[in-house]
């Protein structure tokens, strides 16, 4: 409330404009997490699971469960009663649920031979000049 008063006194934003800005920022955050989560589910289903299957690694059921868990958490974000609740749920999804799913994917990557892993490794992303034809 003191911030709303400060902005109002300075002629920057009215209290209702402050509230509207808060809603926009909360919705933007939840939307960003939505995009990140959908991308992660897509990567798990289109790359990680097929790579694990090709390598005969026994983590496929766990990976499928992680993708389903992410989708369930995302559905909870979408069904939130308010932008504040959606942002709080999105925060948990992004910083906890997705992090746990990432650990499962990282563990799977260690079990799959590099030639069968269809996603770029950190080395491939960060040190392009060490494994490809040099440009100069």
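The values are calculated or read from the model by the stated rules, or taken from the named source; none is laboratory data. This structure is a prediction, so every number in the text was calculated from the model and none was measured. Methodologically, a virtual Cβ is constructed for each residue, glycine included, from the backbone with ideal geometry; neighbour enumeration extends over all protein chains shown.
Of everything listed in (1) surrounded by 14 or more Cβ atoms within 10 Å (Cβ to Cβ); (2) at pLDDT below 95; (3) within 30 Å of residue 6 (Cβ to Cβ), the single unmet condition for residue 59 is (3).
Among the residues of this structure, residue 13 counts as one that is surrounded by 15 or more Cβ atoms within 10 Å (Cβ to Cβ) and farther than 23 Å from residue 124 by Cα. Here residue 70 fulfils each of the conditions (1) surrounded by 14 or more Cβ atoms within 10 Å (Cβ to Cβ); (2) free of Cβ contacts under 8 Å to residues at least 12 places away in the same chain; (3) closer than 17 Å to residue 96 by Cα apart from (2). The set of residues in the stretch 30-56 that are crowded, with 17+ Cβ neighbours inside 10 Å and either within 15 Å of residue 94 (Cα to Cα) or free of Cβ contacts under 8 Å to residues at least 60 places away in the same chain (or both) comprises 30, 33, 34, 37, 40, 41, 49. A Cβ distance below 7 Å, combined with a sequence gap of six or more or placement on separate chains, defines the contacts here; from the stretch 95-122, residues that are within 17 Å of residue 38 (Cβ to Cβ) reach no residue that is exposed (fewer than 10 other Cβ atoms within 10 Å of the Cβ).
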